[in-house]
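Worksheet for the structure shown next.
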Amino acid sequence: MTHEKALQTIAASNGVAADSAYGAAAPPIYLSSTFAFKGFERPGGHEYTRTSNPTRDLLADTLAKLEGGAGAVTLSSGMAAINLLLDPMERDDLVIAPHDCYSGVQRLLSAHAAKGHFKVEFVDQSDAEAVATALGRNPKLLMIETPSNPLMRVVDIRAFCEAAKKVGAKVAVDNTFLSPALQRPIPLGADFVVHSMTKFLNGHSDVVGGAVICASESDAEEMRGWANITGVTGSPFDSYLTLRGLRTLFPRLERQQRTAETIALFLQQHPSVEAVHYPGLVSHPSHALAKAQQAGFGAMLSFEVAGGIAAVRRLVESVRIFTLAESLGGVESLIAHPATMTHASMAPEARAAAGIKDNLLRLSVGLEHEGDLVSDLAQALKAPA
């Protein structure tokens, strides 16, 4: 009987010591754009790097094993991954997406719909009746973002997948915030898992990349085909760096989420903080659901500071360890103001409908000492007006 490897082992060692040429322990990087044929009409395992590459294929294989999928495609960015899901859509197909999804995704979906490529409907996925009504319109694809960016709302993946399958819809779950270390949507019924590999998978803020992991081999083959046609596949060097970062995914997130919980508890009791959004808090409305479907609560949180935009400005200009920057998931701690940064492309009324207030700040918690991070926020919250 074959022993099934733990996910930590897969992340740390998939492809290690598999080099047949020289016995290299670390998987080699194949930068070649093209590969020699064995002879006339006799291609080898790879022909051209846009289509396939050994380094990129190893990263895809590792991600598929971690997520429990049949296959994966790795791409040049997280948005390229989202767009790849949409390539097979036809004019009359309907895509259902969260009303509070990442603004880049909202912008992409709206642009496609405006061109008549397919139809899109943004739905408050915390409203069961609204979701049921939307599914009643027989969508082709249901998109889920859980926990959501930036308000950390949690969706019941299993329940949504069961409901979607009854109407013939496929389900794609954005797992960027948690990664397979803390959440695995495919065993819960999802057809696709999407990642911005730029974030926790790579973990070092030095690569931009995306991935689509498919539950079925037929979907994986279709995604590979579209990626080859459109040319959005990732580069070998970026794949190498991402795989290198992936080796430490589990210990990184274990430490990062422990610190995030400490920070959330600190902010929750601070008099200058009006609300904290972190599913690890017992007070979070979806704490029980998150505990049931996740292996941890992650290293992302957001909070609302008292005093409006003036207080926001003082805080972000007073932090000394947190860096004011977009993106997330790296070893360094970041602070972002969604209304003017990550979600600035959303219309003010759309942000208001999604609950993204002007006093909301988002934290990506890194690997610095938790005491230093708490002290940094404490002194910034006390910054004089």
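The values are calculated or read from the model by the stated rules, or taken from the named source; none is laboratory data. Here the structure is a predicted model, which means the values were calculated and not measured. Using ideal geometry, Cβ is built from the backbone for each residue, glycine included, and neighbour counts are taken over all protein chains shown.
Before moving on, here are some points about what is shown:
- Of all the residues in the range 358-377, those that are surrounded by fewer than 17 Cβ atoms within 10 Å (Cβ to Cβ) and either closer than 30 Å to Asp127 by Cβ or not assigned by TED's automatic domain parsing to the domain that holds His270 (or both) number 1.
- Matching residues, the range 359-383, being assigned to a loop (DSSP other than H, G, I, E, B) and either closer than 13 Å to Val316 by Cα or touching a Leu at 6+ places or on another chain (Cβ under 6 Å) (or both): Asn359, Lys382, Ala383
- Selection from the range 204-258 of residues that are in a helix (DSSP H, G or I), crowded, with 22+ Cβ neighbours inside 10 Å and β-branched (Val, Ile, Thr): Thr242
- Filter result (small (Gly, Ala, Ser) and either part of a loop (DSSP other than H, G, I, E, B) or crowded, with 20+ Cβ neighbours inside 10 Å (or both)) within the range 261-281: Ala264, Ser272, Gly280
- Contacts under 6 angstrom Cβ, first residue in the range 1-27 being over 23 Å from Pro187 (Cβ atoms) and touching a residue at least 24 places away in the same chain (Cβ under 8 Å), partner polar (S, T, N, Q) and assigned to a helix (DSSP H, G or I), 6 or more apart: none
- Count of residues meeting criterion [under 22 Å from Leu324 (Cα atoms), free of Cβ contacts under 8 Å to residues at least 24 places away in the same chain and surrounded by fewer than 19 Cβ atoms within 10 Å (Cβ to Cβ)] in the range 341-357: 2
- The requirement of being closer than 17 Å to His343 by Cβ and touching a residue at least 60 places away in the same chain (Cβ under 8 Å) is not satisfied by Asp87.
- Condition check for Ala163: out of contact with any Gly (no Cβ under 9 Å at 6 or more places or on another chain) and at pLDDT below 95: no
- Residue within the range 282-292 that is over 23 Å from the mean Cα position of the chain (by Cα) and surrounded by fewer than 18 Cβ atoms within 10 Å (Cβ to Cβ) present: yes
- Number of positions in the range 36-69 that are buried (at least 17 other Cβ atoms within 10 Å of the Cβ) and over 20 Å from Gly210 (Cβ atoms): 1
- Within the range 232-282, tally of residues that are of a type outside the set (A, V, I, L, M), closer than 24 Å to Ala306 by Cβ and either in contact (Cβ under 8 Å) with a residue 40 or more places away in the chain or in contact with a helix residue (DSSP H, G or I) (Cβ under 7 Å, 6 or more places away or on another chain) (or both): 10
- Against the numbered list (1) free of Cβ contacts under 8 Å to residues at least 40 places away in the same chain; (2) outside any helix (DSSP H, G or I); (3) within 30 Å of Thr248 (Cβ to Cβ), Pro285 comes up short only at (3).
- Any chance Ser318 is over 16 Å from the mean Cα position of the chain (by Cα), part of a loop (DSSP other than H, G, I, E, B) and of a type in the set (Gly, Ala, Ser): yes
- Gly234 under 26 Å from Arg153 (Cβ atoms), assigned by TED's automatic domain parsing to the domain that holds Lys65 and modelled with pLDDT of 95 or more: no
- Single condition Ser52 does not satisfy, out of (1) in contact with a His (Cβ under 7 Å, 6 or more places away or on another chain); (2) part of a helix (DSSP H, G or I); (3) not hydrophobic (A, V, I, L, M, F, W, C): (2)
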